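Down below is the structure, laid out as structure tokens.
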Amino acid sequence: MATAASSLTIASSFSEPRTQIRSSKRSNLPVLQFSIPYKANSRSRRLVVRSVSAPNVEIRTGPDDLISSLLSKVANSDGGVTLSPEQHKEVAKVAGELQKYCVSEPVKCPLIFGDWDVVYCSVPTSPGGGYRSVIGRLFFRTNEMIQGIDSPDIVRNRVSFTALGFLDGDVSLTGKLKVLDSEWVQVIFEPPELKVGSLEFKYGFESEVKLRITYVDEKLRLGLGSRGSLFVFRRRQ
């Protein structure tokens with residue numbers, strides 16, 4: 001424990017010598033001084049107290065502070081695309097702290113249901129596939145990434161985009177959710193459906209994902225994919 005330097009000086013109108021107590025170390029911290037007058041034996045004494053200010057220390061009191069920190073780190077990052085490797089590590093660190101506050105058996109928590117914005121993923125192509133790859137982003141500008149979970153077991157993923165700078169569209173997936181244990185779920189998706197302008201069609205094959213729910217509350221949900229992808233979902237207003 002660090003020892004802050006302080007001194008206490010008692011100045012008296014009596015004739016006894018001045019008593020002074022000092023610590024063995026000096027500090028460059030600013031010193032505050034104030035006087036407290038009092039009387040004893042009909043003579044006035046003045047107590048002079050010297051103290052030092054404590055350094056500012058960031059104290060996190062619970063999940064709300066961690067949520068605010070996490071959202072600030074992923075804000076305006078195009079779902080994590082523009083973050084540096086060091087910034088991704090910072091996001092993962094805060095998410096790791098937040099999961100300590102997760103409810104037991106989150107897969108059974110009714111708060112998982114509803115519509116969520118995908119505000120971050122550590123692997124850009126995990127939500128949206130090729131549309132979010134390096135080449136895909138040259139032609140498709142992502143507008144929204146949304147996941148809806150409907151009771152009891154329906155999952156809806158949708159990525160909306162603007163193609164070539166002028167053509168609006170979206171790609172969506174609908175899947176069936178299966179609970180694997182107290183934290184892990186499996187979703188089997190039907191082939192994706194693509195809408196671009198007046199065109200609408202399905203293509204490809206079924207797909208499967210496994211996701212561990214590491215935190216959920218009224219505002220935020222965290223997910224960890226089976227291959228290590230970290231997802232941050234924020235509940236839509």
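The values are calculated or read from the model by the stated rules, or taken from the named source; none is laboratory data. All values reported here derive from a predicted model rather than from experimental measurement. Cβ placement follows ideal geometry from the backbone for every residue including glycine, while neighbour counts extend to all protein chains displayed. We work out accessible area using only protein heavy atoms, side chains counted, and drop any ligands, DNA or RNA first. Shrake-Rupley method; radii C 1.70, N 1.55, O 1.52, S 1.80 Å.
Entry remark, the range 130-157: residues being outside any strand (DSSP E or B) and of a type in the set (Val, Ile, Thr) number 2 in total.
Matching residues to (1) acidic (Asp, Glu); (2) touching a Leu at 6+ places or on another chain (Cβ under 7 Å); (3) open to solvent by less than 60 Å² (accessible area, probe 1.4 Å):
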| site | (1), (2), (3) |
| --- | --- |
| Asp153 | yes, yes, yes |
| Asn157 | no, yes, yes |
| Asp168 | yes, no, no |
| Leu177 | no, no, yes |
| Phe205 | no, no, no |
| Glu208 | yes, no, no |
| Arg221 | no, no, yes |
| Arg227 | no, no, no |
| Val232 | no, yes, yes |
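Looking at Gly114, Gly129 in this structure, which one is at pLDDT below 95 and at positive phi?
Working: Gly114 fails: at pLDDT below 95.
Going through Gly114, Gly129 in turn, just one is at pLDDT below 95 and at positive phi: Gly129.
One residue is enough: does the range 182-197 have a residue meeting the conditions at pLDDT 95 or above, surrounded by 15 or more Cβ atoms within 10 Å (Cβ to Cβ) and within 25 Å of Leu83 (Cβ to Cβ)? Checked the range 182-197: no residue is at pLDDT 95 or above, surrounded by 15 or more Cβ atoms within 10 Å (Cβ to Cβ) and within 25 Å of Leu83 (Cβ to Cβ). Taking (1) open to solvent by less than 80 Å² (accessible area, probe 1.4 Å); (2) more than 26 Å from Lys73 (Cα to Cα); (3) assigned to a loop (DSSP other than H, G, I, E, B) in turn, Pro127 satisfies each apart from (2). Scan the range 130-151 residue by residue and report those that are open to solvent by 20 Å² or more (accessible area, probe 1.4 Å), more than 25 Å from Gly165 (Cβ to Cβ) and without any contact (Cβ under 8 Å) to a residue 60 or more places away in the chain. Across the range 130-151, the qualifying residues are Asp150, Ser151.
Kindly provide the set of residues from the range 104-121 that are among the acidic types (Asp, Glu) and over 20 Å from the mean Cα position of the chain (by Cα), ordered by number.
Our first condition is that a residue be among the acidic types (Asp, Glu); within the range 104-121, this holds for 105, 115, 117.
Once the filter is applied, which keeps residues that are among the acidic types (Asp, Glu) and over 20 Å from the mean Cα position of the chain (by Cα), the range 104-121 yields only Glu105.
Residues that are loosely packed, with under 12 Cβ neighbours inside 10 Å and outside any helix (DSSP H, G or I) within the range 87-110 comprise just one, Ser104. All of Asp78, Asp117 fail the test of being touching a residue at least 60 places away in the same chain (Cβ under 8 Å), in contact with a Pro (Cβ under 9 Å, 6 or more places away or on another chain) and open to solvent by 20 Å² or more (accessible area, probe 1.4 Å), apart from Asp78.
Any residue that is assigned to a strand (DSSP E or B), modelled with pLDDT under 95 and either open to solvent by 20 Å² or more (accessible area, probe 1.4 Å) or not β-branched (Val, Ile, Thr) (or both) - is there at least one of those in the range 56-74?
Within the range 56-74, the first condition is being assigned to a strand (DSSP E or B), and the residues that meet it are none.
Taking every residue of the range 56-74 in turn, none turns out to be assigned to a strand (DSSP E or B), modelled with pLDDT under 95 and either open to solvent by 20 Å² or more (accessible area, probe 1.4 Å) or not β-branched (Val, Ile, Thr) (or both).
The residue pairs whose first member lies in the range 175-195 and is over 15 Å from Gly225 (Cβ atoms), whose second member is of a type in the set (Phe, Trp, Tyr) and open to solvent by 50 Å² or more (accessible area, probe 1.4 Å), and whose beta carbons are closer than 9 Å, counting only pairs six or more residues apart or on different chains, are Pro191/Tyr203; Pro191/Phe205; Pro192/Tyr203; Glu193/Phe201; Glu193/Tyr203; Leu194/Phe201; Leu194/Tyr203; Lys195/Phe201.
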